[in-house]
Every structure is written in C-alpha cells, then in structure tokens.
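Take a look at the structure below.
The values are calculated or read from the model by the stated rules, or taken from the named source; none is laboratory data. Note that the structure is predicted; figures quoted are calculated from it, not measured. Ideal geometry is used to build each Cβ from the backbone, glycine not excepted, and the neighbour counts take in all protein chains shown. To get the accessible areas, we keep the full protein, side chains included, count just its heavy atoms, and leave off ligands, DNA and RNA. Shrake-Rupley method; radii C 1.70, N 1.55, O 1.52, S 1.80 Å.
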Amino acid sequence: GRLDPEGEHGRMMFIGLNPSVRSKLESVWADPFGKYFEEMLNEAGIKKEDIYFTNVWKYQTENNRPLTDKEINEGMIELKTEIDFVDPLVIIILGKQIENVLQGDNIFRIQHPAYINRNPKEKGRWILELKKIKKIYDDKRICKESSRARNK
C-alpha cells in the first residue's frame, strides 16, 4: 500500500523512512506510531496542524525491512519535488537510515520516535531538541508573515 503525505504547506516538514506494516495506511496519525508521535509533539508544544508529514518511500516493505539504496534514490526524486511544492520553513528528518539524504541550513536530524519509544530515557532530550526546532520554526514563520505584511 501507499501512504500519501498530509499536512499544510509552508510548515514544519517531518520526513520518515516509509510507512510501517502496522500502519492502516489511512493517515500517519491513525497508526500506533502516529499516536505516540503526536503525544510527544504535544509535549514539545507542536500541534499536528503545524506539520506536513511525508516519507522518503511512500510504500510499506515486507516485514518492515530497511529500504534498499535503490528505493531511497527513487524516493528522493519524488521527495525533492514535494519539498519544492510544500516550501517548508524547516525540515526534520526522522531516523538514522535517511539522516544524510538532504543537506541544508533548515534541515534537522533527530532520532526516530520508535527509537525513543524503545529508549524512554532519551525522551527528555528528544523533546528539548524538538522545542529548539520549534523556536527556529516560529521565528521563521514570524519573519515570513511580517515580510508578507510589509509587501501588501
């Protein structure tokens, strides 16, 4: 199955690897990962309405196997088009396997929420990282909105 991206344009873009086989494929927020992820975002003061969520590879893999280099490369073609279209203020890459797929000033890498779920002692540091990213996002959003207001 394919899980399509969801969320508003010009927001915080979170990029995961691919949908889990446990995903119901109706929404990232509908599966167990999504519920846990949303709770942690709330703790960091981030609402899911501020998020655009997507994956490098939009398809599930058998038994959640890691993506092949070919799948990552193919997924990146679509992802780069998606990034241009969405125009996010910040990009947050989730997890190790894809941490080096994109480079740039507004790109942040954090542990995947599934890793935090397995290592709860890391949760506090993870939330702090998200709060720092949210502050950068808020500052960029305010700058963008005030420049839009000046140009009217």
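At a glance:
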{"read-out": "0 to 90° range, to nearest 10: angle between helix 32-43 axis and the chain longest Cα axis", "value": "30 degrees"}
{"read-out": "Calculated over region 34-152: convex hull of Cα atoms, volume per residue (Å³)", "value": "124 Å³"}
{"read-out": "Protein accessible area in the chain, 1.4 Å probe - carbon and sulfur %", "value": "50 percent"}
{"read-out": "Helix 123-150 axis, angle to the chain major axis (alpha carbon atoms, nearest 10°)", "value": "40 degrees"}
{"read-out": "Expected 222 nm ellipticity per residue - DSSP helices of 4 or more, -39500 (n - 2.57), all of the chain, to 500", "value": "-14000 deg cm²/dmol"}
{"read-out": "Built amide H within the under 5 Å cut-off of residue 6, gap 5+", "value": "53"}
{"read-out": "Sequence ranges 120-133, 86-99, ranked by mean other-Cβ count within 10 angstrom, highest first", "value": "86-99, 120-133"}
{"read-out": "Count, lysine Cα pairs under 18 Å in region 1-126, 8 or more residues apart or across chains", "value": "12"}
{"read-out": "Using alpha-carbon coordinates, inclination of helix 69-86 to the longest axis of the chain, degrees", "value": "30 degrees"}
{"read-out": "Beta bridges by DSSP in region 1-126, antiparallel share as percent, to the nearest 5", "value": "20 percent"}
{"read-out": "Total charge dipole magnitude, region 1-54, about the Cα centre, Cβ charges on Lys, Arg, Asp, Glu only, Debye to nearest 20", "value": "180 debye"}
{"read-out": "Residues whose placed amide H lies under 5 Å from that of residue 109, excluding near-sequence neighbours", "value": "93"}
{"read-out": "Positive-pole candidate from 36, 93, 124, dipole of the chain, charges at beta carbon", "value": "124"}
{"read-out": "Dipole moment magnitude, nearest 20 debye, region 16-124 about Cα centre, only Lys, Arg, Asp, Glu C-beta charged", "value": "500 debye"}
